[in-house]
Amino acid sequence: MVVDDDKSIVEMLEIMFTGEGYKVITADNTYDAIKKLEREEPDLVISDMKIPKDGGIAILRASMEYDKLRPVIIITAYAFVEPAVEMMKLGASDYILKPFNLGELKIVARNALEKRGLIFENNNLKNDLRLKTGFKEMVGHSKAMVDVMDVIVRVSETASTVLITGESGTGKELVARAIHANSPRSEHPFLSVHCGAMPELLESKLFGYKKYAFTWATSDNVGLLEAANGGTLLINEIDEMPLSMQANLVRAFIEKEIRRFGDTKDIKLNVRIIATTNKNLTELVKNGQFRGDLFYWLKVVVINMPQLRDRMEDVPELAMHFLKKFNKQNGRDIRGFSVESMKLLENYKWPGNIVELEHIIEGAVVMEIGNWINEENLPDELRNSSVKLQDAGRVPVGGIDMGKHVEEIEKEMIINALKTAYGSKKVAARILNMSLRSFRYKLDKYGVT
């Protein structure tokens, strides 16, 4: 899109870029330019800085609001170089001085478009990778989950130790499996152990033992560390590992070798360690309940799994994912959720995270006899949670300042819509079924930035 109030410049650039094979959209004022930004979605904007009705800066801001990755090239006269530099700080990709050289403008435009293309290509490659291996069970497009998946893509290519933290039921093991599946170790074993399951046998499970090392050892036993050689070992809830054993684990990590109980030979170790915890290991170290050297060895890369209540926009997608899963398992053909049942799912706080959601959907699929999941087949705690939300509309006995109360609710809804839209005013306005102009008015009214 070319924007300039000088029609001769607009016509010249339109002819030039059309000749280069581009589709060219033109505008000669700010209002028209912003309308076309939203409707036409151009890949590149070239705008004069001094445009009637608010100027080029308004076009830059509108462009970034609709598409932060879209390059904007500013045309400016020598006298306005400093404001053009300020616009680059706000997000403009480059600026060209008047009178400009057409050849130079062609190169700047081509470079900007190529950079945009590379960004999209890189994102598509990441998306393809997610679809290929290990990501099928990781459902959700919230910013929190996209950030987690981006870290997985990057860390998978390395051999670094990974510590995955988060509440129970947030999907920590799924992350570990995705890291292994996307790593160069994917052809080798992925093994896991839970430190809370029979802790008295944990050390022999990990390190193995020779025949007769214990009275009950009637044959040699390969430990998980050895069995996972070349691959990945997941140590679940490592905070539950006894302190006495943590020292042996640190030694194995540092020396990259282990010795089976009752053996005299060392075994070379080549295994990636991924550990999970739902506790605050920093606090456990301070309290002497976890070894500091093991903690610092583990926290090379830390992935914090978000609670489901912090990614509520993923609930509908997760619910449909589990519905399809349990339809298949139970030979059912339930099509989806009633409006009322989906509202209950979206309004619940999910203290048990994704695991709780999964079990609730499984129960609903088993109990539902129709084609849609209805609210009567969802647990009482979901319906009781919805009742509490309705209390916001009740009038207290002592009366209430209704105008102020409504404004407080409206402000909170606007803030939550912005969070859901990751700061995009356009998307937030659409979520609330408002025009962008009305939404901006409300932002100014309530001082929301």
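The values are calculated or read from the model by the stated rules, or taken from the named source; none is laboratory data. The shown structure was predicted, so the numbers you read here are calculated from the model rather than taken from an experiment. A quick note on method: Cβ atoms are made from the backbone with ideal geometry, for glycine too, and the neighbour counts reach across all protein chains shown.
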### Pair list, Cβ < 8 Å and 6+ apart or interchain, from segment 233-244 residues that are closer than 16 Å to S168 by Cβ to residues that are among the acidic types (D, E)
L234/E173; N236/E173
#### Entry: Pair list, Cβ under 6 Å, 6 or more apart: segment 220-232 residue buried (at least 21 other Cβ atoms within 10 Å of the Cβ), other residue modelled with pLDDT of 90 or more and not hydrophobic (A, V, I, L, M, F, W, C)
A228/P189; T232/H180; T232/R185; T232/R272
### Any chance S47 is within 35 Å of the chain's Cα centre (by Cα), surrounded by 16 or more Cβ atoms within 10 Å (Cβ to Cβ) and assigned to a strand (DSSP E or B)
yes
### Qualifying positions in segment 137-164 - among the hydrophobic types (A, V, I, L, M, F, W, C), under 26 Å from H321 (Cα atoms), part of a helix (DSSP H, G or I) and over 8 Å from the mean Cα position of the chain (by Cα)
V151, I152, V153
### Query
Taking K23 and the conditions (1) over 15 Å from K106 (Cβ atoms); (2) assigned to a helix (DSSP H, G or I), which numbered condition does it fall short on, given that it satisfies the others?
(2)
### Message
So, in segment 322-341, how many residues would count as being in contact with a Leu (Cβ under 9 Å, 6 or more places away or on another chain), closer than 11 Å to I373 by Cα and at pLDDT 90 or above?
### Response
1
### Message
Can you pull out every residue in segment 325-335 that is exposed (fewer than 14 other Cβ atoms within 10 Å of the Cβ) and either touching a residue at least 24 places away in the same chain (Cβ under 8 Å) or assigned to a helix (DSSP H, G or I) (or both)?
### Response
K328, Q329, N330, D333, R335
### Message
Restricting to segment 345-375, name every residue that is outside any loop (DSSP other than H, G, I, E, B), at pLDDT 90 or above and either basic (K, R) or in contact with an Asp or Glu (Cβ under 8 Å, 6 or more places away or on another chain) (or both).
### Response
N353
### Task
Among the residues of segment 359-381, count how many are surrounded by 18 or more Cβ atoms within 10 Å (Cβ to Cβ) and either within 19 Å of L308 (Cα to Cα) or hydrophobic (A, V, I, L, M, F, W, C) (or both).
6
### Task
Name, by its number, the condition in (1) outside any helix (DSSP H, G or I); (2) modelled with pLDDT of 85 or more that does not hold for G398.
(2)
### Task
Just need a number here: residues in segment 253-295 that are among the hydroxyl-bearing types (S, T, Y), surrounded by fewer than 14 Cβ atoms within 10 Å (Cβ to Cβ) and farther than 23 Å from G230 by Cα.
1
### L13 out of contact with any Phe, Trp or Tyr (no Cβ under 7 Å at 6 or more places or on another chain) and crowded, with 17+ Cβ neighbours inside 10 Å
yes
### Summary
Expected output for segment 1-19 (first residue aromatic (F, W, Y), partner part of a loop (DSSP other than H, G, I, E, B), Cβ below 7 Å, 6+ apart or cross-chain) is F17/V24
